[in-house]
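Have a look at the structure below, then the notes.
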Amino acid sequence: SAKIIDGKAIAADLRARVAGEVATFRAAAGRAPGLAVVLVGEDPASSVYVRSKGRATREAGMESIEHRLPADTDTATLLALVAQLNADAGVDGILVQLPLPAGVDTQAVLLAIDPDKDVDGFHPVNAGRLATGMPGFVPCTPLGCIMLLKSVHPTLSGMDAVVVGRSNIVGKPMAQLLIAESCTVTVAHSRTRDLPAVVRRADIVVAAVGIAGLVKGDWIRPGATVIDVGINRTDTGLVGDVDFAGAVQVAGAITPVPGGVGPMTIACLLANTLDSARRREGVA
Ligand code: NAD
């Protein structure tokens, strides 16, 4: 049966490394890196994410600047807050927790964030930098997935990778990163014909769909590495997009849910914030 990729342990290592480097940064720059998080409304999942991001930020020795706004906040108010954070020299990273309430123009808010403080990597300038191989911010979840893959395969060159899902937040940047690692990449989605056959070709499967257990064990090529990004709440608790019980018997390595990709996402957010602070202060 497959090796279980311990995302919790790999994330803990990354967080410890970031915390050490934050201490060095503070000594050189005379201030802590700052991450501003904006939460609009009271979506329960978003509130949990924002709380754990804040805790992890402080534990790494960085400053967490939290802005909680009521659900009826309008676009203009949010744009003004983003402008204020863009101008604030103590803020290295700006994260607007999605989804925003239906009345808010999400695109306008994301476009207003200074691309050089966009530690989520959602601004089109950063998507373009990733697509063209320029330095910039890479979205945290796919960045974490690459680190998990490299814990199994130090080099990914030449491998066949299938990404299931084509969202701007996970699927597309995941595909870009795999191309940059010299994989042969297929992106599958809701209109893909014969998804099982497409998945069966892959040495690497990344599932980012949002449907519990969509990817079956008998779709997995024996020995393949499976990264399950899905977080689905069911009666039996949190489960991924991969049928874990089936896939674990066939795969070479697989991430669990929870304890796989999730912890890496926050650790990569801290790493991106530290990178931003270093770039902005010009310290190594
Ligand atoms: P999304 O809804 O934006 O995109 C889902 C994608 O799946 C779409 O591109 C769609 O084409 C594809 N899809 C839908 N039905 C399909 C089907 N039957 N067959 C093949 N493809 C299909 O979702 P997202 O934001 O990319 O998130 C995907 C999942 O990852 C969700 O469960 C989300 O909760 C989870 N997620 C986890 C983390 C983390 O930190 N672990 C971060 C972000 C998202």
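The values are calculated or read from the model by the stated rules, or taken from the named source; none is laboratory data. As the structure is a computational prediction, the values presented were derived from the model and not from experiment. Quick reminder, even Gly has a Cβ in these numbers, built from the backbone with ideal geometry, and neighbours come from all protein chains shown.
Every residue in the stretch 1-47 that is part of a loop (DSSP other than H, G, I, E, B) and buried (at least 16 other Cβ atoms within 10 Å of the Cβ), please.
A2, I5, D6, A32, P33, G41, D43
Could you please find all residues in the stretch 204-235 being assigned to a helix (DSSP H, G or I) and crowded, with 19+ Cβ neighbours inside 10 Å?
Listed by number, the list holds a single entry, W219.
Could you run through the stretch 166-203 and say how many residues are of a type in the set (S, T, N, Q) and not in a loop (DSSP other than H, G, I, E, B)?
Qualifying residue count, the stretch 166-203: 3.
When the residues of the stretch 48-65 are narrowed to those that are aliphatic (A, V, I, L, M) and outside any helix (DSSP H, G or I), which ends up nearest to V96 (Cα to Cα)?
Among those that are aliphatic (A, V, I, L, M) and outside any helix (DSSP H, G or I), it is I65.
Sort through D116, D88, D92 and tell me the only one that's in contact (Cβ under 8 Å) with a residue 40 or more places away in the chain and in contact with a Pro (Cβ under 8 Å, 6 or more places away or on another chain).
After applying the criteria, what remains is D92.
Which residue pairs have Cβ atoms under 8 Å apart, sit 6 or more places apart or on different chains, and have a first residue in the stretch 247-263 that is touching a residue at least 40 places away in the same chain (Cβ under 8 Å) and in a loop (DSSP other than H, G, I, E, B) and a second that is among the hydroxyl-bearing types (S, T, Y) and more than 16 Å from the ligand (Cβ to nearest atom)?
V248/S1; Q249/S1; A251/T225; G252/T225
Please specify each residue of the stretch 197-215 satisfying the condition of being at negative phi, near the ligand (Cβ under 9 Å from one of its atoms) and not β-branched (V, I, T).
A207, A208, A212, L214
Starting from residues that are free of Cβ contacts under 8 Å to residues at least 60 places away in the same chain and hydroxyl-bearing (S, T, Y), keep the ones in the stretch 221-238 and report whichever is farthest from the ligand (Cβ to nearest atom).
T236
What residue, of D218, D275, D241, is modelled with pLDDT of 95 or more, more than 10 Å from the ligand (Cβ to nearest atom) and farther than 17 Å from L143 by Cβ?
One residue alone meets the criteria, D218.
Under the condition of being within 14 Å of the ligand (Cβ to nearest atom) and under 15 Å from A208 (Cα atoms), which residue from the stretch 247-263 is surrounded by the fewest Cβ atoms within 10 Å (Cβ to Cβ)?
Here the residue is P258.
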